[in-house]
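Presented below is the structure to which this report refers.
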Ligand SMILES: [Zn+2]
């Protein structure tokens, strides 16, 4: 080959490539625009990595967290439903900053008479309202809730100046707390406990017809706010929707209640011999090695007997907890109490505990402890072995609320003991969910006040995994299909929300106070997004390793959203910026369709379009390098020339190339496709997703191809793919297994599936 010709060929080829690629773009010269590419990295959205939090998503070399230790004496007056307490808080400043004052949270003040929380919602008259809500809003006598702070003193008994702003109290310490210093102070208080079945609160009591009460008590003490490198003091008010942000610490809590109460809470019971009978103590010890089934510390018969009494003397239960972010307890004379031992790793045994009144049976004795055990096993497998000594599931009407080692759960049978599947699976699911919260946010301690999804979304995702495992280990509990009826997690379940009215959808990355449909926003959508990430985008191995890395990096620490997003990439080498941006920072949805198919044939002579270009440029056919041409079946080129030529002629240049460059053995192994299809896919939805395609051929065989999400990186609206095959394609389906939460499947098939329109269905219904 002459050197000159070689150079020319190179030149021609380059200029032809440029012309062809231009033809794929728009004809009008575009105005300049800023970088809106959905695959650009998230430098604008993410905070800059620093010494506290690294670019990999791990805690940095200067990472710190504050510590708050509590010693408390609490007394419950069952007659007046009043809690009185005094506490010593020891606060350790591990930050490099000097603190001029301390912020303490007074969450009960959300129920104070002067609380602004009930006045914060506009919206006017709704078409209908739940009777309880309605009565609560317009007919309820004002409840005298909120903390009554009796004193705030230093350890020498001197009053500390303090200012209460709604649910936050600033304590002005005598001199700034220097880095590394500790400061201890005392608070005394009391408050009226609310009836949570009327109030829909996260703690309180339920009143039974016989006058007995079950108390599920939390937010009962002034609690330290979080101070960290991200928010400074997290003193955003408690309005009711955004939950809590709390530092870790050690607790010693003595709780005095009527002597005939059964009490359990966060931490390890320090004085079992003082509060349990000899018989109970024997059972309590026996439970510690009972791995197969629970041991009843208090049986239903005993509980029925207990609830008839009315002790006037008192007992003090002493509990001690290490490295927890909060403390809660439950107490009543109505309680049945059962415990079972669970191995969460080879050498770690913890206790699965259930506490419920007889009103919870027969459902609770059947399923509560089983659900606790399953949760500890599945979550430990996906994150880390459960580090606390126990996990308690308490039955409280209408409640689903979590605290370290203890949670409140709904699910009550009818009075005759019957129950629906809805009640049963609702109860198992809520127990899995609330026990699961021990991991997120009690141990992986994210800021709930700011980011609802970091605990609710991640936890709902793990709940989904646990429900599937529960169905496998308890086939008798589920239907003949062996599947657990999970309410959230499957992609199809989030479609209605994501295609809904954009005026009532907020991005996941929003403060929980500011979103619409909190359940879909903070629970269902992030859970589904993570499920899709695991099943479709990353695959189990990469996802599970990265997810476990996140949990282990941030166990007993305070992660931010970026720490999660970054770790998932860091441990997997999957670029996920596009995924976080679209699923977490926007309200876009998924909608991908197949637009059409064009069939092409090979030709070895220039087609009409190439001839045109040659003329435009004043070039001759002899200037062209070796080229293969594809001509569309419906073009004149095909009809007038290619279809009339022999196959040998059409494949001439291609065959020559193959003959010159490959051995006969190599050529024999080659596929020799005859048909070339240009398939056009469009994307009306904003979210780019891997393009999952099922091709069906004339002989009935199928082929699945998943094109990586990056296929959308240069054109967010439409892509064209060339599929070369020896068999004619008869149909194409996008996302055949409904993995991507595609909101409109009417455009997912070629040839178009003529489904019944909504109008047709409506017409039929009217006529029938
Ligand atoms: Zn939750």
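The values are calculated or read from the model by the stated rules, or taken from the named source; none is laboratory data. These numbers come from a predicted model, not from an experiment. Cβ: placed from backbone, ideal geometry, glycine included. Neighbour counts: every protein chain shown.
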Residue within the range 281-295 that is within 30 Å of residue 233 (Cβ to Cβ), more than 34 Å from the chain's Cα centre (by Cα) and surrounded by fewer than 23 Cβ atoms within 10 Å (Cβ to Cβ) present: no
Single residue of the range 583-629 satisfying the filter (assigned to a strand (DSSP E or B) and over 48 Å from the mean Cα position of the chain (by Cα)) that is nearest to residue 681 (Cα to Cα): 601
Residue that is surrounded by fewer than 23 Cβ atoms within 10 Å (Cβ to Cβ) and either more than 16 Å from the ligand (Cβ to nearest atom) or over 26 Å from the mean Cα position of the chain (by Cα) (or both), where the choices are 380, 368: 380
Subset of the range 523-582 [out of contact with any helix residue (DSSP H, G or I) (no Cβ under 7 Å at 6 or more places or on another chain), under 22 Å from residue 247 (Cα atoms) and assigned to a loop (DSSP other than H, G, I, E, B)]: 558, 559, 560
Residue in the range 468-477 that is within 12 Å of the ligand (Cβ to nearest atom) and touching a helix residue (DSSP H, G or I) at 6+ places or on another chain (Cβ under 7 Å) present: no
Residues satisfying the stated conditions in the range 459-482, i.e. surrounded by fewer than 21 Cβ atoms within 10 Å (Cβ to Cβ), over 19 Å from residue 419 (Cβ atoms) and at pLDDT 95 or above: 468, 469, 472, 473, 475
Scan of the range 306-360 for residues that are in contact (Cβ under 8 Å) with a residue 60 or more places away in the chain, assigned to a strand (DSSP E or B) and in contact with a helix residue (DSSP H, G or I) (Cβ under 6 Å, 6 or more places away or on another chain), ordered by number: 317, 354
Positions within the range 245-291 being part of a helix (DSSP H, G or I) and touching a strand residue (DSSP E or B) at 6+ places or on another chain (Cβ under 8 Å), in sequence order: 274, 275, 280, 283, 284, 286, 287
Among (1) surrounded by 12 or more Cβ atoms within 10 Å (Cβ to Cβ); (2) free of Cβ contacts under 8 Å to residues at least 60 places away in the same chain; (3) part of a strand (DSSP E or B), the one test that residue 115 misses: (3)
Of all residues in the range 443-458 being more than 11 Å from the ligand (Cβ to nearest atom) and assigned to a loop (DSSP other than H, G, I, E, B), the one that is surrounded by the fewest Cβ atoms within 10 Å (Cβ to Cβ): 450
Residue satisfying condition, being away from the ligand (no atom under 16 Å from the Cβ), in a loop (DSSP other than H, G, I, E, B) and out of contact with any helix residue (DSSP H, G or I) (no Cβ under 8 Å at 6 or more places or on another chain), within set 507, 480, 485: 480
